[in-house]
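Student: Have a look at this one before I ask anything.
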Amino acid sequence: MGPDQRAHERYRPCRNAFISLGSGFTCVGSILDISMRGAAFEYLDYKDAQAFRGGSVDIFICGTYMHIVNMPCLIVYEQPLPAYSDDELPDGTMVRKRCGIEFRPATVQHREQLEVFLRQYKQDRSA
């Protein structure tokens, strides 16, 4: 799908913007782009780890009060980035993975928080 086919504009990364997978901030990824509809991000994980199953994510910008807690989402894709073939890497090796999610705001509050987050995100991006 080309960028001209997207219903919502996607914004490129600003510094210090992250997504935390699941609960407890055990896995945090850098946002590659984000829109009202979804986001793409990269994170480090073990080569042999199970794929992120989704459910919800936290979205935040470090150094600000911007933090959306438990944003419901659906995984669109998750894939390791090609640095080596899987055969060359031993189990337990950390690899970069890319993940695309679709936001599924469960409440009006989630949607409003996402709108405020994107306004701050665009402002931080231009700084």
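Student: Conditions first: (1) among the aromatic types (Phe, Trp, Tyr); (2) at pLDDT 90 or above; (3) assigned to a loop (DSSP other than H, G, I, E, B). Phe25 passes all but one, so which condition is the exception?
Tutor: (2)
Student: Where the second residue is at pLDDT below 75 and the first is closer than 22 Å to Leu74 by Cβ and lies in the range 102-127, which pairs have Cβ atoms under 7 Å and are six or more apart or on separate chains?
Tutor: Leu118/Tyr11; Tyr121/Tyr11; Tyr121/Cys14
Student: Continuing with this model, one more query. What do you reckon, is Gln120 of a type in the set (S, T, N, Q), closer than 17 Å to Arg10 by Cα and modelled with pLDDT of 90 or more?
Tutor: In short, no.
Student: For the range 34-69, give me each residue that is of a type in the set (Phe, Trp, Tyr) and either at pLDDT 90 or above or within 12 Å of the chain's Cα centre (by Cα) (or both).
Tutor: Scanning the range 34-69 gives Phe41, Tyr43, Phe52, Phe60.
The values are calculated or read from the model by the stated rules, or taken from the named source; none is laboratory data. What you see is a predicted model; the values in this text were computed from it and never measured. Methodologically, a virtual Cβ is constructed for each residue, glycine included, from the backbone with ideal geometry; neighbour enumeration extends over all protein chains shown.
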